[in-house]
Amino acid sequence: MVAVSDPVLRPAYPVRTERLLLRPLTGKDVDALLAYRSIPEVCRYVPFHPMTREVIHDRLATQWANTELTDEGQHLTLGIEVAATGELIGDVILFWHSRLHGTGEIGYVVHPDHGGHGYVTEAAREMLRLGFEELRLHRVIARIDERNEPSARLARRLGMRQEARLVRNEWFKGEWSTELDFAMLADEWFANR
């Protein structure tokens with residue numbers, strides 16, 4: 001196995017896609033974040049509960065304050081802003097799990113009013129690009145609750161393949177959850193560019 005040599009991810013912000021600006025979250029985003037991260041249905045299948053204003057302020061000062069990835073164990077959360085309107089509609093995350101194995105993970109969440117327009121697919125695709133092309137990851141995964149069908153469809157649209165279905169493997173928010181594991185390798189990413 002070949003270790004990834006000295007990778008670092010320091011994007012120039014905002015990261016631009018066709019219709020979006022991906023950027024660090026700031027104190028100006030509290031109301032927009034609260035608008036979707038406080039909705040129980042949005043939080044049902046993701047690893048956080050509906051958030052309060054206080055929790056969002058705390059996350060902005062801690063977990064979401066990171067603007068680069070310099071070592072394994074770190075993660076980068078970026079807001080999804082519609083370039084044409086300046087509206088923050090969701091966020092995406094890239095985890096760097098292992099330097100030795102070159103592994104990472106993506107996640108995403110969006111305000112339900114903005115689902116179905118391809119925004120999250122566009123944002124998640126850019127996070128894959130950052131992971132593979134700039135951080136030089138070997139493998140990126142997405143772990144999804146099986147009941148979250150829109151998220152699983154999104155992973156497939158990204159070209160990620162389902163590698164596992166872990167039946168009732170985790171006690172999650174008061175019930176057993178079946179997890180779908182999706183993955184993509186760097187050579188698959190580059191072959192499909």
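Please find the FRET efficiency linking Arg136 to Glu54, where r is the Cβ-Cβ separation and R0 is fixed at 30 Å, and quote it to the nearest 0.05. So, using R0 = 30 Å, E works out to roughly 0.20.
If the only charges are +1 at each Lys and Arg Cβ and -1 at each Asp and Glu Cβ, what is the size of the charge dipole of the chain around the Cα centre, to the nearest 20 debye? Show your work: numbers first, answer last.
On the way: 24 positive and 29 negative charges, 53 e Å.
Dipole magnitude for the chain comes out near 260 debye.
Placing R0 at 25 angstrom, the Cβ-Cβ distance between Arg129 and Arg44 gives a FRET efficiency of 0.30 after rounding to 0.05.
Gain in length, Val30 to Arg156, computed as 0.36 nm per residue apart minus the alpha-carbon separation, to one decimal in nm? Please report the intermediate quantities before stating the final value.
Values: separation 126, 0.36 × 126 = 45.36 nm, distance 3.11 nm.
Taking Val30 through Arg156 to full extension adds about 42.3 nm, to one decimal.
Potential lengthening of the chain between Ser98 and Trp176 amounts to 25.3 nm, from the contour at 0.36 nm per residue minus the alpha-carbon distance. Placing dummy labels 7 Å off each Cα toward the beta-carbon, the span from Arg19 to Leu185 is 3.3 nm.
Using R0 = 22 Å, the C-beta based FRET efficiency linking Glu68 and Thr121 works out to 0.35. Between Glu87 and Asn192, the contour length at 0.36 nm per residue exceeds the alpha carbon distance by 34.7 nm. The trypsin sites (Lys or Arg not before Pro) of segment 1-71 include none that meets both criteria, a DSSP state outside H, G, I, E and B (loop) and at most 10 other C-beta atoms within 10 angstrom of the site's C-beta. When shorter helices are ignored and each DSSP H run of at least 4 residues is given -39500 (n - 2.57), the per-residue value for the chain at 222 nm works out to -6500 deg cm²/dmol. Close amide H partners of Glu87, meaning residues 5 or more places away or on another chain with modelled amide H under 5 Å apart, are Val82.
Only the coordinates and a few stated rules stand behind these numbers; no lab work does. Note that the structure is a prediction, hence the values are computed from the model and not measured. Every residue, glycine among them, receives a Cβ derived from its backbone with ideal geometry; neighbour counts consider all protein chains shown.
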